[in-house]
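Single-structure report; data block below.
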Amino acid sequence: MTATLVLVINSGSSSIKYQLVDPVGGDAVASGLVERIGEPEGHIRHKVGERTVERRGRIADHTEGLRQVFDLFAETGQDLASAGVGAVGHRVVHGGEEFNAPTLIDDDVLAEIHRLRELAPLHMPANAAGIESARELLPDVPQVAVFDTAFFNGLPAAARTYAIDAKVAREHGIRRYGFHGTSHEFVSGRVAEILGKDPAELNQIVLHLGNGASASAIRGGRAVDTTMGLTPLEGLVMGTRSGDIDPAIFGYLQRVASMDTDSVDDLLNRNSGIKGLSGVNDFRELGELVELGDVAAKLAFDVYIHRLRRYIGAYMVELGRVDTITFTAGVGENDAVVRAAALAGLEGYGISVDEARNNAKSKVARVISPVASPVIVFVVPTNEELAIARAALRLVRNPGPS
Ligand code: AMP
């Protein structure tokens, strides 16, 4: 019997990332990236096993992009219409107040996703376009939306509420939603699995440090706090985003520098963080600059670590007892210097990193704290596509009450 596969789609404003996943074995059967949709020359890179096929040429919109991807699947011997695709799982950035779990997509759900557009104007229209295209191209396959905010939908009121006029907040849906939820849930689940424990028994801190970065505090399998808020701008210092700043900076820049709303938004989301401070946003380049004695790069690194430690401290207090601290995503999985600096000097709290374990290069989940450490420190590779594929197939097989 052939495995049921899930096509996972992550649409950005001018791109589509996709993977055909075997949710049981966990492997990506094929994967690829459509880029520069709507520009004069688009580009598709499609990978099956060791083989990569590329295509260049104008790609008018998301439907056209997906159509070409379907052609590439067929050309490389996997006709999606007959490949045993049991579900399409869509990564949807914002689930608003409404969506707290993976959801089977029908016309009403799609309309609601369109309605949530203002909460993430760069992402939601693209997510909706990806869904519409996939429904058109695979009309008989169930489509499932997996929301990046869902894991944080149940944050306690004190953690999700901004201290602003309650009426204004209610009227405009202003509250802390949190993002990267699929990753935080997947990674904390893997930690419980590795320890052979029920997630309900564990208090965890998860540090998702990629180009975007967020931390979460998870008590007994439920998220009780996270660093991102109404949008993914809040919290940790990131590759290009500032994370927390004094909100008055926004208005101040508009007044003294005559910047309009879009330029300040752009400054804080695209030209701040590590890039704004050092000129580079990739931690490999940042590390090299620091080694060369670059003062701006060292300051960027220090600001990044300072903010990270501030939240680790906050979450230790919130949780009271911490069993595990886990690093994940591009920086968290690969940068031993960041990991060591994030947890330096915390031996008094039962937290330390074993130098040899931390420096060992590996692509698998592993413990980097010393043997018998009171708090176990992990590095766990995240796999949002696999998490989405599993969630989608679970829902399709067991839809539950509607
Ligand atoms: P992600 O958003 O999870 O894909 O993470 C991407 C980021 O991970 C890149 O921008 C780099 O800053 C970082 N990264 C990837 N590989 C490494 C590495 N080997 N060492 C340090 N940082 C890395």
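The values are calculated or read from the model by the stated rules, or taken from the named source; none is laboratory data. Everything quoted here is computed from the prediction, not taken from an experiment. Every residue, glycine as well, gets a Cβ built from its backbone with ideal geometry; the counts of neighbours run over all protein chains shown.
The figures follow:
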read-out	value
Helices (runs of 4 or more DSSP H) wholly inside the range 229-285 containing at least 2 residues that are of a type outside the set (A, V, I, L, M) and away from the ligand (no atom under 15 Å from the Cβ)	248-256, 261-270
Any hit, the range 156-164, residues being over 30 Å from ILE205 (Cβ atoms) and out of contact with any His (no Cβ under 7 Å at 6 or more places or on another chain)	no
The lone exception for VAL224 - which of (1) surrounded by fewer than 21 Cβ atoms within 10 Å (Cβ to Cβ); (2) part of a loop (DSSP other than H, G, I, E, B) it fails	(2)
Pick from the range 133-174, criterion free of Cβ contacts under 8 Å to residues at least 60 places away in the same chain and of a type in the set (D, E, K, R), ranking: farthest from LEU395 (Cα to Cα)	ASP165
Those strands (runs of 3 or more DSSP E) lying entirely in the range 26-124 with at least 3 residues at pLDDT 90 or above and touching a Gly at 6+ places or on another chain (Cβ under 7 Å)	42-48
From the options ARG339, ARG390, ARG310, residue that is modelled with pLDDT of 95 or more and surrounded by fewer than 18 Cβ atoms within 10 Å (Cβ to Cβ)	ARG310
Any hit, the range 310-324, residues being of a type in the set (A, V, I, L, M, F, W, C) and in contact with a Ser or Thr (Cβ under 8 Å, 6 or more places away or on another chain)	no
Hits in the range 263-302 - residues which are under 22 Å from the mean Cα position of the chain (by Cα) and of a type in the set (Val, Ile, Thr)	ILE274, VAL280
Selection within the range 68-97 - charged (D, E, K, R) and surrounded by fewer than 16 Cβ atoms within 10 Å (Cβ to Cβ)	ASP71, GLU75, ASP79, GLU97
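Listed here are the residues, each with its yes/no results for (1) within 16 Å of the ligand (Cβ to nearest atom); (2) in contact with a strand residue (DSSP E or B) (Cβ under 9 Å, 6 or more places away or on another chain); (3) over 18 Å from ALA215 (Cα atoms); (4) without any contact (Cβ under 8 Å) to a residue 12 or more places away in the chain.
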{"position": "GLU288", "(1), (2), (3), (4)": "yes, no, yes, yes"}
{"position": "ARG309", "(1), (2), (3), (4)": "no, no, no, no"}
{"position": "ALA329", "(1), (2), (3), (4)": "yes, yes, no, no"}
{"position": "ARG357", "(1), (2), (3), (4)": "no, yes, yes, no"}
{"position": "SER362", "(1), (2), (3), (4)": "yes, yes, yes, no"}
{"position": "VAL375", "(1), (2), (3), (4)": "no, yes, no, no"}
